[in-house]
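Trainee: Would you mind keeping the following structure in view while I ask a few things?
The values are calculated or read from the model by the stated rules, or taken from the named source; none is laboratory data. Because the structure is predicted, anything quoted here is derived from the model rather than measured. Glycine gets a Cβ as well: all are built from the backbone with ideal geometry, and neighbour counts include every protein chain shown.
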Amino acid sequence: MTDATGDGGQVQGAAIEDYLAELRTFPPPEEFARSALVSDRTMYEQAEADPEEFWAAQARALTWFEPWDQVLDWQLPFARWFIGGRLNVAFNCLDRHVEAGIGDKVAFHFEGEPGDRRTITYAQLLDEVGRCANALRSLGIERGDRVAIYMPMIPELPVAMLACARIGAAHSVVFGGFSADALRDRIEDASARLLITADGGWRRGHPVELKANADHALSSGARSIENVLVVRRLGDAAGNLVMQEGRDHWWHELVSGQDPHSPAEAMDAEDLLFLLYTSGTTARPKGIMHTTGGYLTQVAFTHRTVFDLKPETDVYWCAADIGWVTGHSYIVYGPLANGATSVLYEGTPDFPGRDRWWSIIERYGVTTLYTAPTAIRTFMKWGTEYPAAHDLSSLRMLGSVGEPINPEAWIWYWQQIGGGRCPVVDTWWQTETGAIMISPLPGVTTLKPGSATFPLPGIGAEVVDDAGRKLERGGGYLTLTRPWPAMLRGIYGDPERYRQTYWSRFEGRYFAGDGAKVDDDGYLWLLGRVDDVMNVSGHRVSTTEVESALVDHPSVAEAAVVGANDATTGQVIIAFVTLKLGLEVGHEHAEVLRAHVVEKIGAIARPRVVIFTDDLPKTRSGKIMRRLLRDVAEGRDLGDTTTLADPAVVAELRRRAATGSGEE
Ligand code: WTA
């Protein structure tokens with residue numbers, strides 16, 4: 001294991017027992033199977049017989065300006081797909097649909113949190129993307145440049161991404177919940193020349209002032225930024241917004257006046273489409289690189305087949321944020337490439353009431369809902385009266401992503417939201433994989449609640465033991481056995497780190513960082529991360545990154561961070577902190593440190609509990625024992641602590657954890 005914890009990266013045992021509790025299986029409903037896009041195993045067999053030809057067939061569903069001369073060049077661990085092929089992602093998402101006569105079809109039903117609504121057709125989206133593309137060109141952005149995007153969930157966000165794709169600039173979308181420091185670091189890593197942002201967005205009834213954050217980011221570094229393009233979303237609610245002369249430009253002034261016609265660059269299949277930063281096991285987030293042809297091929301294919309897309313009649317809603325990979329692939333690129341009609345919602349599920357989502361489903365007749373287990377568990381906690389108050393009979397498909405879904409939540413989702421008639425697809429994938437990898441096909445696969453079931457056609461996934469031997473049964477590490485079109489092409493600026501992180505643990509295999517088990521029927525069950533990455537509400541947060549944010553505070557000598565299991569959010573962040581000598585431990589100091597982490601990273605990284613301790617448990621070689629700390633945090637039996645330098649430390653820690661020192 002590439003693991004700094006000294007705990008051997010063990011799969012947590014508790015999860016396995018949960019999964020055994022639910023033994024029912026769910027074959028595809030007959031009527032669903034009858035009209036499903038994929039209703040038998042032929043596609044799996046064809047893909048197995050010739051994976052490259054299978055992916056080439058999927059790629060042919062896109063419009064190419066130039067055909068490729070070779071499907072795949074695989075120099076482990078570097079893959080190139082559709083070599084020599086030329087295409088444009090925005091052209092595939094917009095122009096070809098308008099040319100095919102569906103310009104009047106709705107691309108997005110947008111609903112802002114305050115209740116404002118906009119309907120955007122494919123023709124309108126194409127025009128707005130064209131204008132934005134010309135605005136980017138007018139600011140000197142060229143093919144090959146990087147553009148940072150820091151925006152709320154409003155239609156201008158997909159417009160900005162597609163405008164970049166249209167002119168061949170790579171975007172780097174930074175989730176709007178990240179702090180100014182996090183934004184600055186990402187801009188610097190990518191040397192982005194332009195920042196596209198908004199005065200802010202709405203969250204739970206309050207304005208979130210993104211432009212103010214962006215200004216902080218730019219005043220503390222990020223010197224590569226030459227211009228800032230600002231969407232007016234909040235208007236008067238934006239507080240005292242300052243537009244810097246010469247650098248900052250209003251979207252409604254610069255974009256609206258442009259010509260909607262803008263040529264789509266013929267990009268090489270392997271040109272960079274976007275960077276997306278994700279947390280790993282070190283303090284520095286990695287810029288995951290995705291390219292053009294393979295990425296679009298696999299996101300379009302998976303969006304179509306996993307959600308059994310009927311583009312004429314479906315109203316599809318992925319309730320993720322575009323700031324994460326799920327939103328990139330399954331709000332923007334997959335659905336638009338397939339000419340789907342989607343819902344785009346800006347805000348939280350409980351504003352103004354806890355039935356907001358269900359009222360959206362009813363209003364637009366949503367047929368397909370894709371969300372995360374953490375949301376489902378929150379809805380369970382709130383109670384069934386909220387969904388029950390709305391007509392959800394339009395739904396025909398449900399999806400889950402981001403973390404293991406416990407069978408109880410699966411069954412609740414299936415019953416309370418799906419009315420017992422909608423297949424639930426549990427989709428496993430990562431920022432790095434770009435697209436769904438392991439998932440049922442709803443017209444084919446018999447579902448087991450809690451299992452992501454099988455690799456999709458064309459995908460090779462196996463569970464291996466510590467020595468990298470394939471396991472036919474039982475628990476181990478999830479690996480991918482062959483290249484796939486949407487795979488990351490590397491870590492921006494660091495090819496060696498790419499090899500080291502994903503391809504060094506098991507020879508010839510991609511190591512995902514997840515534990516998994518294979519049951520007697522060959523079904524795959526994901527068991528959570530086995531490295532130092534936490535999963536909080538479906539978001540990846542690095543323990544090391546939070547630790548370095550804590551240590552960055554002048555009062556902190558040392559910090560150890562662990563993710564403890566939580567019934568709603570999957571994991572919560574627990575921080576064990578040793579202060580510098582002579583400093584007083586005040587209760588309010590926990591809040592100071594929490595706020596410091598929010599400032600350094602963002603609210604998603606805020607520790608739930610800060611436990612002050614004079615000492616951290618370490619092995620004799622000086623490594624912090626995170627597994628032991630996790631057990632302390634979860635109140636579990638500590639097992640063998642014989643390698644511990646000073647066992648008294650643990651007893652004291654337990655006492656402090658039990659008295660809840662620094663609980664939020
Ligand atoms: C976890 C999100 C279990 C996993 C698309 C993975 C899952 C990490 C599932 C990637 C699932 C995602 N079942 N675990 N269906 N989907 N994960 O990069 O630990 O934000 O490694 O991509 O989420 O998170 P990321």
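Trainee: Name the pairs: first residue in region 524-538 and of a type in the set (Asp, Glu), second residue in a strand (DSSP E or B) and near the ligand (Cβ under 9 Å from one of its atoms), Cβ to Cβ under 6 Å, at least 6 apart or on different chains?
Mentor: Taking only residues 6 or more apart or on different chains, the pairs are Asp531/Gly513.
Trainee: Taking the stated definitions as given, is Val159 in contact with a Cys (Cβ under 6 Å, 6 or more places away or on another chain), under 22 Å from Ala90 (Cα atoms), free of Cβ contacts under 8 Å to residues at least 40 places away in the same chain and not assigned by TED's automatic domain parsing to the domain that holds Arg540? Show your work before the answer.
Mentor: Numbers: in contact with a Cys (Cβ under 6 Å, 6 or more places away or on another chain): yes; under 22 Å from Ala90 (Cα atoms): yes; free of Cβ contacts under 8 Å to residues at least 40 places away in the same chain: yes; not assigned by TED's automatic domain parsing to the domain that holds Arg540: yes.
Criteria met by Val159.
Trainee: So Asp321 passes all but one of these: (1) modelled with pLDDT of 95 or more; (2) more than 14 Å from the ligand (Cβ to nearest atom); (3) of a type outside the set (A, V, I, L, M). Which condition number does it fail?
Mentor: Going through (1) modelled with pLDDT of 95 or more; (2) more than 14 Å from the ligand (Cβ to nearest atom); (3) of a type outside the set (A, V, I, L, M) one by one, Asp321 breaks only (2).
Trainee: Scanning region 429-460 for residues that are out of contact with any helix residue (DSSP H, G or I) (no Cβ under 9 Å at 6 or more places or on another chain) and near the ligand (Cβ under 9 Å from one of its atoms), which turns out farthest from Gly323 (Cα to Cα)?
Mentor: Restricting to residues being out of contact with any helix residue (DSSP H, G or I) (no Cβ under 9 Å at 6 or more places or on another chain) and near the ligand (Cβ under 9 Å from one of its atoms), the top hit is Ala452.
Trainee: Give me a count of the residues in region 101-123 that are on the phi < 0 side of the Ramachandran plot and either free of Cβ contacts under 8 Å to residues at least 12 places away in the same chain or under 24 Å from the mean Cα position of the chain (by Cα) (or both). Don't jump to the end; show me each part of the working.
Mentor: Initially, region 101-123 is screened for residues on the phi < 0 side of the Ramachandran plot, giving 102-114, 116-123.
Okay, now just the ones that are also either free of Cβ contacts under 8 Å to residues at least 12 places away in the same chain or under 24 Å from the mean Cα position of the chain (by Cα) (or both), so 107-113, 116-117.
Selection size over region 101-123: 9.
Trainee: Of the residues Leu72, Leu76, only one is in contact with a helix residue (DSSP H, G or I) (Cβ under 6 Å, 6 or more places away or on another chain), farther than 23 Å from Leu229 by Cα and surrounded by fewer than 24 Cβ atoms within 10 Å (Cβ to Cβ); which?
Mentor: Details: Leu76 fails: in contact with a helix residue (DSSP H, G or I) (Cβ under 6 Å, 6 or more places away or on another chain).
Unique residue meeting the criteria: Leu72.
Trainee: Counting just the residues of region 538-558 that are away from the ligand (no atom under 16 Å from the Cβ) and part of a strand (DSSP E or B), which one comes out surrounded by the most Cβ atoms within 10 Å (Cβ to Cβ)?
Mentor: Val556
Trainee: So, in region 28-86, exactly how many residues are touching a residue at least 12 places away in the same chain (Cβ under 8 Å) and part of a strand (DSSP E or B)?
Mentor: Selection size over region 28-86: 12.
Trainee: Additional query: Checking the condition at pLDDT below 95 and acidic (Asp, Glu), which residue from Asp259, Asp236 passes? Steps first, answer last, please.
Mentor: Details: Asp259 fails: at pLDDT below 95.
Matching residue, one of Asp259, Asp236: Asp236.
Trainee: Can we say Arg509 is of a type in the set (D, E, K, R), at pLDDT 95 or above and crowded, with 17+ Cβ neighbours inside 10 Å?
Mentor: Working: of a type in the set (D, E, K, R): yes; at pLDDT 95 or above: yes; crowded, with 17+ Cβ neighbours inside 10 Å: yes.
For Arg509, the condition - of a type in the set (D, E, K, R), at pLDDT 95 or above and crowded, with 17+ Cβ neighbours inside 10 Å - is met.
Trainee: Determine, yes or no, whether Ala100 is out of contact with any Phe, Trp or Tyr (no Cβ under 9 Å at 6 or more places or on another chain) and within 26 Å of Ala56 (Cα to Cα). Before you say what the answer is, go through the steps one by one.
Mentor: Details: out of contact with any Phe, Trp or Tyr (no Cβ under 9 Å at 6 or more places or on another chain): yes; within 26 Å of Ala56 (Cα to Cα): yes.
Yes; evaluated as a whole, the condition is true for this residue.
Trainee: Answer yes if at least one residue in region 592-614 is surrounded by fewer than 15 Cβ atoms within 10 Å (Cβ to Cβ), of a type in the set (Val, Ile, Thr) and at pLDDT 80 or above, and no otherwise. Spell out the reasoning first.
Mentor: Looking only at region 592-614, we keep the residues that are surrounded by fewer than 15 Cβ atoms within 10 Å (Cβ to Cβ), and these are 592, 595, 603, 614.
Then keep just the ones that are of a type in the set (Val, Ile, Thr); that gives 592.
Now drop any that are not at pLDDT 80 or above, which leaves 592.
Checked region 592-614: at least one residue is surrounded by fewer than 15 Cβ atoms within 10 Å (Cβ to Cβ), of a type in the set (Val, Ile, Thr) and at pLDDT 80 or above.
Trainee: Taking the conditions exactly as written (surrounded by fewer than 21 Cβ atoms within 10 Å (Cβ to Cβ), closer than 27 Å to Phe78 by Cα and touching a Leu at 6+ places or on another chain (Cβ under 9 Å)), does Gly460 satisfy them or not?
Mentor: yes
Trainee: Then there is this: If Ile361 passes every condition in (1) under 27 Å from Thr433 (Cβ atoms); (2) crowded, with 21+ Cβ neighbours inside 10 Å; (3) more than 16 Å from the chain's Cα centre (by Cα) but one, which one does it miss?
Mentor: Tallying (1) under 27 Å from Thr433 (Cβ atoms); (2) crowded, with 21+ Cβ neighbours inside 10 Å; (3) more than 16 Å from the chain's Cα centre (by Cα), Ile361 fails exactly one: (1).
Trainee: Return the total of residues in region 301-318 being more than 16 Å from the ligand (Cβ to nearest atom) and part of a helix (DSSP H, G or I). If you could, list the steps in order and put the result at the bottom.
Mentor: Taking region 301-318 as the starting set, the residues that turn out to be more than 16 Å from the ligand (Cβ to nearest atom) are 301, 304-305, 308-317.
Subset that is part of a helix (DSSP H, G or I): 301, 304-305.
Qualifying residue count for the region: 3.
Trainee: For region 156-186, enumerate the residues that are under 29 Å from His261 (Cα atoms) and among the aliphatic types (A, V, I, L, M).
Mentor: Once the filter is applied, which keeps residues that are under 29 Å from His261 (Cα atoms) and among the aliphatic types (A, V, I, L, M), region 156-186 yields Leu157, Val159, Ala160, Met161, Leu162, Ala163, Ala165, Ile167, Ala169, Ala170, Val173, Val174.
Trainee: On to the next question. Return the residues of region 470-488 that are more than 16 Å from the ligand (Cβ to nearest atom) and crowded, with 20+ Cβ neighbours inside 10 Å; say none if nothing qualifies.
Mentor: Correct list: Pro483, Pro485.
Trainee: Kindly check whether there is at least one residue in region 22-31 that is modelled with pLDDT of 90 or more and among the acidic types (Asp, Glu).
Mentor: Looking through region 22-31, at least one residue is modelled with pLDDT of 90 or more and among the acidic types (Asp, Glu).
Trainee: Okay, moving on. Sort out for me the strands (runs of 3 or more DSSP E) sitting completely within region 332-428 that have 3 or more residues that are in contact (Cβ under 8 Å) with a residue 12 or more places away in the chain and more than 16 Å from the ligand (Cβ to nearest atom). Walk me through how you get there before you give the answer.
Mentor: Numbers: elements: 341-345, 368-371, 397-401, 424-427.
Answer list for region 332-428: 341-345.
Trainee: Condition first: of a type in the set (Gly, Ala, Ser) and either within 27 Å of Lys286 (Cβ to Cβ) or part of a strand (DSSP E or B) (or both). Now tell me which residues in region 187-236 satisfy that. Step through it out loud before you land on a result.
Mentor: Our first condition is that a residue be of a type in the set (Gly, Ala, Ser); within region 187-236, this holds for 190-192, 198, 200-201, 205, 212, 214, 217, 219-222, 224, 235.
Matches in region 187-236: Ala190, Ser191, Ala192, Ala198, Gly201, Ala214, Ala217, Ser219, Ser220, Gly221, Ala222, Ser224.
Trainee: Residues to consider are Glu113, Glu48; find the one that is surrounded by 15 or more Cβ atoms within 10 Å (Cβ to Cβ) and of a type in the set (Asp, Glu).
Mentor: Values: Glu48 fails: surrounded by 15 or more Cβ atoms within 10 Å (Cβ to Cβ).
Of the residues listed, the single one that is surrounded by 15 or more Cβ atoms within 10 Å (Cβ to Cβ) and of a type in the set (Asp, Glu) is Glu113.
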